[in-house]
Amino acid sequence: MDTSVDRIADPWGGRTPYRRHQPWPARVDTFLEPGTGPESVQRWVQTASILHSDGDAMDIAVRDGRMVGVRGRVSDRVNRGRLGPKDLFAWQANSARDRLTRPLVRRAGRLEETDWDTAMDRIVERSRELLADRGPGSIGFYTSGQLFLEEYYTLAVLARAGIGTGHLDGNTRLCTATAAEALKESFGCDGQPGTYDDIDHADVIALFGHNLPETQPVQWMRVLDRLAGGDPPRLVCVDPRPTAAARRATVHLAPRLGTNVALLNALLHEIIRAGHIDHDYIAAHTVGFEELAREVSSCTPEWAAGICDVPAARIREAAEVLGTADRLLSTVLQGVYQSHQATAAAVQINNLHLLRGMLGRPGAGVLQMNGQPTAQNTRECGANGDLPGFRNWQNDRHVAELAAVWNVEPETIPHHAPPTHAMQMFRFAEQGSIRMLWISGTNPAVSLPELSRIRSVLSQDRLFVVVQDLFLTETARLADVVLPAATWGEKTGTFTNADRTVHLSDKAVEPPGQARPDLDIFLDYAARMDFRDRDGGPLIGWHDPESAFEAWKRCSAGRPCDYTGISYAALRGGSGIQWPCGEDTPEGTPRLYTGGITWARPDDCESYGRDLVTGAATDAVEYRAANPEGKGMLRAAGYLPPHEEPDDRYPFQLTTGRTVYHFHTRTKTGRAPQLDAAAPDVWVEASAADASAADLAEGDVVEVRTPRGALRGRLRITGIRPGLLFVPFHYGYWDTPGGHRPADGTPGRAANETTVTDWDPVSKQPLFKTAAAALTLVERGNGTPSPAPTTTASAPWRAGAAPPTTGGRSALVRQGPAMPWTGPAGGGA
């Protein structure tokens, strides 16, 4: 029966219970703008969500050349018709009045509108000057996790083989670098072992630092439906906040920040001690067991309890659940990736699955999740620091292969040193060796740590900054040239979600004004720079999204992320397809490693690995000696204390994070009325015990201060662990008088005013979850509640302390049964 549900008040909607090993029932979520009925929609155009890494498939409703709504695609394996709050409402930002519609160039200190030729000529002129005077290392590219595969691949070719720079990375460095590195450390190569379908089969689901209900709400709907059905799974949740998953968990562990490795080593200790390991699997498919067993032999639950501040009995209870699971699915995200010893901790979760032989079977898998919708493509295409096709920069044969694909000399492709990561690129810009930084689809003036420093770097006269985006973001306001970009729904391309599912997103409407697809901008730049291959032909021979996709297929052929069996035609009309998809796997591949580890052989692997403490790269000789047969690698790591601990001046730990209603720096979700109203401003979370000790109440204006800076927000008292503060990282200044920074005489509100410039030594991912902070009262709330939502991990500790978060009539979503699939009427524009 059809129902209408306020999906702001109820982010996960109604239940469709199902039993273990049964298929997840379909449910179609539809939201159309007021006054629009299904009968008035002229076309439904196929796409997928661009606001998280889940890859929820949907159709865009079009009427009179405008987007007027969305519906879930019932035929797709990822979401079976369901959509989350951001999927349902954020499309409205595409038609925001403040979209960039013309290029801007800086003249006499001010950004002024201009034409495309003037803007591109200025970029080309500066590029040629720098190449002539300072060489390719003076130019850097910092991209996103939100462009399309075809755009990343084009950017990678022009940057690495056209310019010849090693300075190319994505903001995926902030969210997914640890996932990639952990997979390489354990399996020799990137590539998600598991699949979302494992949720249907697991009897234990473990969430490590992963607030699944708010970051991938549709997969949480799937878990909720399993919990509501017969034979429900047991949940183990490791998170210091009282997330919706923590409230439903069989065991909830809330450790001190920065202690993940200690906790995980204790879990491994207990699992080995109790004999819950698969000796045959370990012998056949792994190396390193003896070293790992030795490392964790002294890591008893009592030892870990003293470090993590978690009862030893609770650790034993969790180890028993994990160790006795028939089919174990683990998911991992930012609570691990953005924390101290990030890669070392993520690798221990892979170790858990290797020890138990929990890979490659329905329900037995690990999901090292991504944060952004196209983060996987950044990694595959070589736009995040690695070489395209998961090729190893230390393997000359891999470099030669890539050079052959691009028809350039191998020496053209920088590979004398590890590709530059984003944090190092900003340091090079600060020091003056990078003189041009092209930023596409990301907003580092809000998302990078220690914002006063980042603003200072981007404001330098000697640094030429190009920004390519939808809006005049905080970063764009500091640029020398701003290029208006088209976005999802306004262009065609493909992207791949966190479980390797490739989706096609067709163009539904025209972009506003003179805005252009990112692919067109990169192709225009390559043509104006006249990049050539070794035969004198154009370096980039493609001209539109589909020809770019076909070029990428040739680059991916025979590699772990093989796309050669996928085409636009195959992706149009049905479900997304999971890579690898080639001649032997024409239907795609649900799970990797069904018959053992396949891409860890020394000649094949993407990486020879790194030291988990120092980050120093291992060479080919060392790797070959340690893993000659290419097995899974059990990597041991000892616990090390965080670099910044609380003290008398800064007595709290501070973590930053996300809410279900916003994405990144709110450039899109802050312009969707329902989402903006649900979480309109920054807030600060503290425990009831800490609030009581400081005589603080709900809604009081408080200041959070660290050695780097401060922010102010209203207090929400929650069930968060004592001694910990939480601030959402979404809020910047584009909708404040300051524009790109705190206005003179006003306090900051961006979480990253306070975070530390520090990163994991292996993945180079910044650490947003280990700062020490002070909390002080600024002003009494006097009954004004915090703007924090009441529906999420931010729910008030005391019931009724704040009005419930609702969306009202404007947030009503039709939830209906699956209808026969008729395809996207009208197809792509």
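Restricting attention to region 242-276 and to residues that are touching a residue at least 12 places away in the same chain (Cβ under 8 Å) and surrounded by fewer than 20 Cβ atoms within 10 Å (Cβ to Cβ), the residue that is nearest to Thr790 (Cα to Cα) turns out to be Arg248. The set of residues in region 209-241 that are among the β-branched types (Val, Ile, Thr) and farther than 23 Å from Gln372 by Cα contains only Val236.
Cβ separations smaller than 7 Å between residues 6+ apart or across chains give the following pairs from region 107-120 residues that are closer than 15 Å to Val467 by Cα to residues that are among the hydroxyl-bearing types (Ser, Thr, Tyr) and open to solvent by less than 90 Å² (accessible area, probe 1.4 Å): Met120/Tyr525. Starting from residues that are outside any helix (DSSP H, G or I) and among the hydrophobic types (A, V, I, L, M, F, W, C), keep the ones in region 253-298 and report whichever is nearest to Gly595 (Cα to Cα). Residue satisfying both the conditions and the ranking: Val287. In region 133-147, of all residues being farther than 15 Å from Ile439 by Cα and part of a loop (DSSP other than H, G, I, E, B), the one that is farthest from the chain's Cα centre (by Cα) corresponds to Arg134. Does any residue in region 663-679 that is over 20 Å from Val68 (Cβ atoms) come within less than 7 Å, Cβ to Cβ, of a residue that is among the aromatic types (Phe, Trp, Tyr) and in a loop (DSSP other than H, G, I, E, B) six or more places away or on a different chain, and which pairs are these? Within 7 Å, the pairs are Arg666/Tyr731; Thr667/Phe471; Ala678/Tyr661; Ala679/Tyr661.
When Thr618, Thr594, Thr589 are checked against the criterion of being over 22 Å from Thr564 (Cα atoms), in contact with a strand residue (DSSP E or B) (Cβ under 9 Å, 6 or more places away or on another chain) and among the polar types (S, T, N, Q), a single residue qualifies: Thr618.
Do you know which of the residues in region 407-434 that are part of a loop (DSSP other than H, G, I, E, B) and more than 15 Å from Arg160 (Cα to Cα) is most open to solvent (accessible area, probe 1.4 Å)? My answer is Ser433. The set of residues in region 360-376 that are open to solvent by 10 Å² or more (accessible area, probe 1.4 Å) and under 19 Å from Thr324 (Cα atoms) comprises Gly360, Arg361, Pro362. Being under 15 Å from the mean Cα position of the chain (by Cα), under 30 Å from Asp169 (Cα atoms) and among the β-branched types (Val, Ile, Thr) holds for only one residue in Thr374, Thr343, and it is Thr374. Restricting attention to region 385-406, the residues being open to solvent by 20 Å² or more (accessible area, probe 1.4 Å) and farther than 15 Å from Gly164 by Cβ number 8.
Taken as a whole, the condition of being buried (at least 23 other Cβ atoms within 10 Å of the Cβ) and under 30 Å from Ala672 (Cβ atoms) does not apply to Leu168. Screening region 310-323 for residues that are without any contact (Cβ under 8 Å) to a residue 60 or more places away in the chain and either acidic (Asp, Glu) or not in a helix (DSSP H, G or I) (or both) and picking the one that is farthest from Pro646 (Cα to Cα) gives Glu320. Just to verify a result, which residue in region 113-161, among those that are more than 15 Å from Glu380 (Cα to Cα) and among the hydroxyl-bearing types (Ser, Thr, Tyr), is surrounded by the most Cβ atoms within 10 Å (Cβ to Cβ)? Only one residue fits best here, namely Tyr142.
Hey, does region 729-740 have a residue that's assigned to a strand (DSSP E or B) and touching a residue at least 12 places away in the same chain (Cβ under 8 Å)? Taking every residue of region 729-740 in turn, none turns out to be assigned to a strand (DSSP E or B) and touching a residue at least 12 places away in the same chain (Cβ under 8 Å).
The values are calculated or read from the model by the stated rules, or taken from the named source; none is laboratory data. The shown structure was predicted, so the numbers you read here are calculated from the model rather than taken from an experiment. Neighbour counts are summed over all protein chains in view; Cβ atoms, including those assigned to glycine, are modelled from backbone coordinates with ideal geometry. Accessible surface areas use protein heavy atoms only, side chains included; no ligands, DNA or RNA. Shrake-Rupley method; radii C 1.70, N 1.55, O 1.52, S 1.80 Å.
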